[in-house]
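Worksheet for the structure shown next.
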Amino acid sequence: MDRNSTGLVFVLPALIVLAMLIAYPVAYTGLLSVTDRQGAFVGLTNFKAVLSARATPQAFWNTIWFVGGSIVFQVILGTATAILLNQNFIGRGIVRSITLIPWVVPGIVAATTWAWMFHTEFGIINYMMTGSGIIPEPIGWLTNGNTVMPVLIAINVWKLFPFVAIMVLAGLQSIPNDLYEAARVDGANFWQEVRFIMIPQVRSVIVAVTLLLVIWGLNSITIIYAITRGGPANRTLITPIQIFRLAFESTQFNQAAALSVIFFAVALVIVIIYIRALASTPGEAK
Amino acid sequence: MKFKTLAVMATAMTMLTSGVALAGEVVWWTPNFNEARARELVTKFEQANQGIKVKLEITTTDGLPQRVLTALQSGAAPDIIDVQHAWVNGYAQNGLVVAVDDVLKDREDYIPASLDYGTWNSKLWAIPYRIETHAVIYNKGAFKDAGLDPAKPPQTWDELVAAAKTLSKGKVSGFAITGGGEVGNTIFRSLPFIWMNGGDIISADGKKAVVNQPAAVAAVKFYTDFFKNKQSPASTLENDGTANRRLFIAETVAAYQSGQFDVASIKKENPKIDIGVMQIPHPAGKPTAALLGGWSFVIPSSAKNQTEAKKLVAFLAEAPNQGALTDTFPARKSAMSLPRFSDPILTVFKEMLPYGRAAPNNKNWVQITQAYFDGIQRILLGDEDVQKAMDGAAKDIQALLDQK
């Protein structure tokens, strides 16, 4: 036994576990997508069925909106918070801890609480806004086709911006002080420090965090499912929820598998484009 | 040598974790509202059948369909599961449960619609034990305040519309419909109106979507107009049956459709309300209708102790035991004469039972109802008028019916 094959023996258990937990489900999903309930091969029938459903394109666009909208605000708000928390002020430790709360709260708890707060009749948000005269009568935040998606994006941003903030803050703290001192000697003000030192230095962190947010966003189901279940009239139906509904509410496991395969391909393309576009940009601090 | 010890230990561990239920021990999943009564019945059964042990596992209704489905698919299911009637056909068509024709006794004693649900391929796949339908629960005080006679509730659609109009003033909504929550809430409340008007969602042979035909469209218009005309709360699109009950308890809703299970919690949370119950109003000259709901026992194909499980199900299906276990009404007519079902507030709910119909047994029923529900929501959102929304729903449903 040479050195290499000895090493192989040691990683074998881990490889077997990985294969069982990842490769097998992936392969099995592929198999399910081209068979029927009895396991007979049916070609692309399942793909045709899911692609012809009216909900599929709508869910796809909703997913783009939800993920795109969430990420833009998560990154902007998270980075701004990180820059703020990087300053010296009294009570910084406490503020840093409080900022983390939304991220620590379990998703289902947060979602249910928000659903209640936004409820037309019982919700505290309508109560406070009508009470103070900002709006004349209660708004159906979660039932109005124009407000429901922005509200869900806002909740998702609230939930995940602390994660961005903490990651960027860690990046900011690793910037050597010399850079700031040199900039100040040159007469740079705060905004110039942000623009020419902080942002370029944490760029790689933001790129990595955004990629994580894209992946999480494409998989997110908790917040929307707990609040609207994809309604009203599919206004907030995103593809992961459509897959969940097909499999576990309609027991159409084969169609759900077909949709998963399509979604996997789309997600893969998005991630590859993203990595190509951002990781290869010249001038990045390595 | 060492490897052998390890293998033995691993096997022992696996057996310890997966083999908690011993052979001969029947595992029965029942929802939490059945727990106390189920325990009594289990004790009785164990005394009569020495050698069979029953292990009760308590489930909760929230998320239960997913949990049951996962257990059935995993191949390591319990021996008996309490499920809602409407779920049974999906299990039967996927080969997840076993036929129970040999367990059923006194077929003619059962309310026929309850057996319709569990039937597929001319075999019976579940034993129903609990049935219920909706009626309309109303606030007698609100009727008096509005100048209506609480002893003479509306009987026809026109009378209901007139009453809802009179009852709706200030913060009070006259007749609350549902337009949110789980799909089933709105199916249970709107499908009976379609039925009593002579329409349906799909044709009897399951080949054609008929939800955009005049009879169905008129009924959907009747249903959704309560919201359009502001007789149902502004929050209708996010309200399910539970939300309507809470609004009724808060006295902002004067009448809504529900089952007898709501009565106890209304009495407890707002004892001031004088509760009235009326039959679901029908179009003049046509009989009323209701969707029959309730619970059945299924025995999973992967159950380890099917013989013992069948014995227990047969025991639970005896009329007095059904009468003891059910939270609402028993599926057997002979059990209905038990004293607990003679409470006067139950009278109207009992009168509704013969009008109860089973939902169609179509393998895509959940998706069909989802397409129909999306149409209802489009109407409530103001996106589309009734005819257009139901045309769209019919197109989606037809595509599902044409699938092989």
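Residue by residue through segment A:181-198, note down the ones that are in contact (Cβ under 8 Å) with a residue 12 or more places away in the chain and of a type outside the set (Asp, Glu).
Pass one, segment A:181-198, residues in contact (Cβ under 8 Å) with a residue 12 or more places away in the chain: A:183, A:193-194, A:196-198.
The answer is A:Ala183, A:Val194, A:Phe196, A:Ile197, A:Met198.
Do any helices (runs of 4 or more DSSP H) entirely within segment A:168-286 hold 3 or more residues that are touching a Ser or Thr at 6+ places or on another chain (Cβ under 9 Å), and if so, which? So that I can check it myself, show each step before the final result.
On the way: elements: A:177-185, A:190-193, A:199-219, A:222-227, A:239-244, A:253-279.
Correct list: A:199-219, A:222-227, A:239-244, A:253-279.
Among the residues of segment B:296-308, is any of a type in the set (Lys, Arg) and in the same structural domain as B:Glu35 (by TED's automatic domain parsing)?
Restricting attention to segment B:296-308, the residues satisfying the condition of being of a type in the set (Lys, Arg) are B:304.
Going one step further and asking which of them are in the same structural domain as B:Glu35 (by TED's automatic domain parsing), we end up with B:304.
Within segment B:296-308, one or more residues are of a type in the set (Lys, Arg) and in the same structural domain as B:Glu35 (by TED's automatic domain parsing).
Just to be sure, is A:Leu259 surrounded by fewer than 17 Cβ atoms within 10 Å (Cβ to Cβ) and not polar (S, T, N, Q)? Don't jump to the end; show me each part of the working.
On the way: surrounded by fewer than 17 Cβ atoms within 10 Å (Cβ to Cβ): no; not polar (S, T, N, Q): yes.
The answer is no for A:Leu259.
Name the residue that is farthest from B:Arg246 (Cα to Cα), counting only residues in segment A:113-150 that are within 12 Å of chain B (Cβ to nearest Cβ) and hydrophobic (A, V, I, L, M, F, W, C).
So, considering only residues that are within 12 Å of chain B (Cβ to nearest Cβ) and hydrophobic (A, V, I, L, M, F, W, C), the one farthest from B:Arg246 (Cα to Cα) is A:Val148.
Examine segment A:68-87 for a residue that is assigned to a helix (DSSP H, G or I) and within 30 Å of B:Asp62 (Cα to Cα), and state whether such a residue exists.
Of the residues in segment A:68-87, the ones assigned to a helix (DSSP H, G or I) are A:68-85.
Okay, now just the ones that are also within 30 Å of B:Asp62 (Cα to Cα), so A:70.
Taking every residue of segment A:68-87 in turn, at least one turns out to be assigned to a helix (DSSP H, G or I) and within 30 Å of B:Asp62 (Cα to Cα).
Kindly establish whether B:Thr178 is out of contact with any strand residue (DSSP E or B) (no Cβ under 7 Å at 6 or more places or on another chain), of a type in the set (Val, Ile, Thr) and either in a helix (DSSP H, G or I) or away from every other protein chain (no Cβ under 14 Å) (or both).
Working: out of contact with any strand residue (DSSP E or B) (no Cβ under 7 Å at 6 or more places or on another chain): yes; of a type in the set (Val, Ile, Thr): yes; either in a helix (DSSP H, G or I) or away from every other protein chain (no Cβ under 14 Å) (or both): no.
In short, no.
Counting only residues that are in a loop (DSSP other than H, G, I, E, B) and over 24 Å from B:Thr326 (Cα atoms), how many does segment B:239-263 have? Spell out the reasoning first.
First, pick out the residues of segment B:239-263 that are in a loop (DSSP other than H, G, I, E, B): B:239-240, B:250-252, B:254, B:259-260.
Those still in the list that are over 24 Å from B:Thr326 (Cα atoms) too: B:239, B:250-252, B:254.
Adding up the residues that qualify gives 5.
How about segment B:376-394: which of its residues are within 8 Å of chain A (Cβ to nearest Cβ) and either hydroxyl-bearing (Ser, Thr, Tyr) or touching a residue at least 24 places away in the same chain (Cβ under 8 Å) (or both)? Spell out how you get there, then give the answer.
We begin by selecting, within segment B:376-394, every residue within 8 Å of chain A (Cβ to nearest Cβ); these are B:377-378, B:380-381, B:383, B:392.
The answer is B:Gln377, B:Leu380, B:Leu381.
All but one of (1) at pLDDT below 95; (2) farther than 30 Å from B:Pro271 by Cβ hold for B:Gly170; state the number of the condition that does not hold.
For B:Gly170, the exception is condition (2).
Take the residues in segment B:290-312 that are outside any strand (DSSP E or B) and buried (at least 20 other Cβ atoms within 10 Å of the Cβ), then tell me which one is nearest to the chain's Cα centre (by Cα). Break it down stepwise before answering.
Let us first name the residues in segment B:290-312 that are outside any strand (DSSP E or B), namely B:292, B:299, B:301-312.
Restricting the remaining residues to those that are buried (at least 20 other Cβ atoms within 10 Å of the Cβ) gives B:292, B:299, B:303, B:305, B:308-310, B:312.
On the way: B:Leu292: 7, B:Ile299: 19, B:Ala303: 25, B:Asn305: 28, B:Glu308: 28, B:Ala309: 24, B:Lys310: 24, B:Leu312: 23 Å.
If we take residues in segment B:290-312 being outside any strand (DSSP E or B) and buried (at least 20 other Cβ atoms within 10 Å of the Cβ), then B:Leu292 is nearest to the chain's Cα centre (by Cα).
Specify which of the listed residues (B:Val136, B:Val172) is in contact (Cβ under 8 Å) with a residue 40 or more places away in the chain and surrounded by fewer than 20 Cβ atoms within 10 Å (Cβ to Cβ). First the steps, then the outcome.
Working: B:Val136 fails: surrounded by fewer than 20 Cβ atoms within 10 Å (Cβ to Cβ).
None of the other options fit; the residue is B:Val172.
I'd like the residue in segment A:27-68 that is within 23 Å of A:Pro150 (Cβ to Cβ) and among the aliphatic types (A, V, I, L, M) and, out of all such residues, is nearest to the other protein chains (Cβ to nearest Cβ).
Restricting to residues being within 23 Å of A:Pro150 (Cβ to Cβ) and among the aliphatic types (A, V, I, L, M), the top hit is A:Ala55.
In segment B:381-393, how many residues are among the hydrophobic types (A, V, I, L, M, F, W, C) and modelled with pLDDT under 95? Talk me through it step by step, then tell me what you get.
Within segment B:381-393, the subset among the hydrophobic types (A, V, I, L, M, F, W, C) is B:381, B:386, B:389-390, B:393.
Subset that is modelled with pLDDT under 95: B:381.
Of the residues in that region, 1 qualify.
Give the residue that is nearest to the chain's Cα centre (by Cα), with candidates limited to residues of segment A:130-153 that are buried (at least 16 other Cβ atoms within 10 Å of the Cβ) and assigned to a helix (DSSP H, G or I).
The extreme case among them is A:Ile153.
Do you know which residues across segment B:247-256 are more than 8 Å from chain A (Cβ to nearest Cβ) and either more than 14 Å from B:Gly276 (Cα to Cα) or crowded, with 24+ Cβ neighbours inside 10 Å (or both)? Break it down into steps so the answer makes sense when it comes.
Filtering segment B:247-256 down to residues more than 8 Å from chain A (Cβ to nearest Cβ) leaves B:248-251, B:253-256.
B:Phe248, B:Ala250, B:Val253, B:Ala254, B:Ala255, B:Tyr256 - these are the residues of segment B:247-256 that are more than 8 Å from chain A (Cβ to nearest Cβ) and either more than 14 Å from B:Gly276 (Cα to Cα) or crowded, with 24+ Cβ neighbours inside 10 Å (or both).
Looking at segment B:234-255, I want the residues that are without any contact (Cβ under 8 Å) to a residue 40 or more places away in the chain and among the β-branched types (Val, Ile, Thr) and have a partner that is part of a helix (DSSP H, G or I) and surrounded by fewer than 22 Cβ atoms within 10 Å (Cβ to Cβ) with Cβ atoms under 7 Å, at least 6 apart or on another chain. Which pairs are those?
From segment B:234-255, the pairs are B:Ile249/B:Ile266; B:Ile249/B:Glu269.
The values are calculated or read from the model by the stated rules, or taken from the named source; none is laboratory data. As the structure is a computational prediction, the values presented were derived from the model and not from experiment. Please note: Cβ atoms are built from the backbone with ideal geometry, for glycine as well, and neighbour counts cover all protein chains shown.
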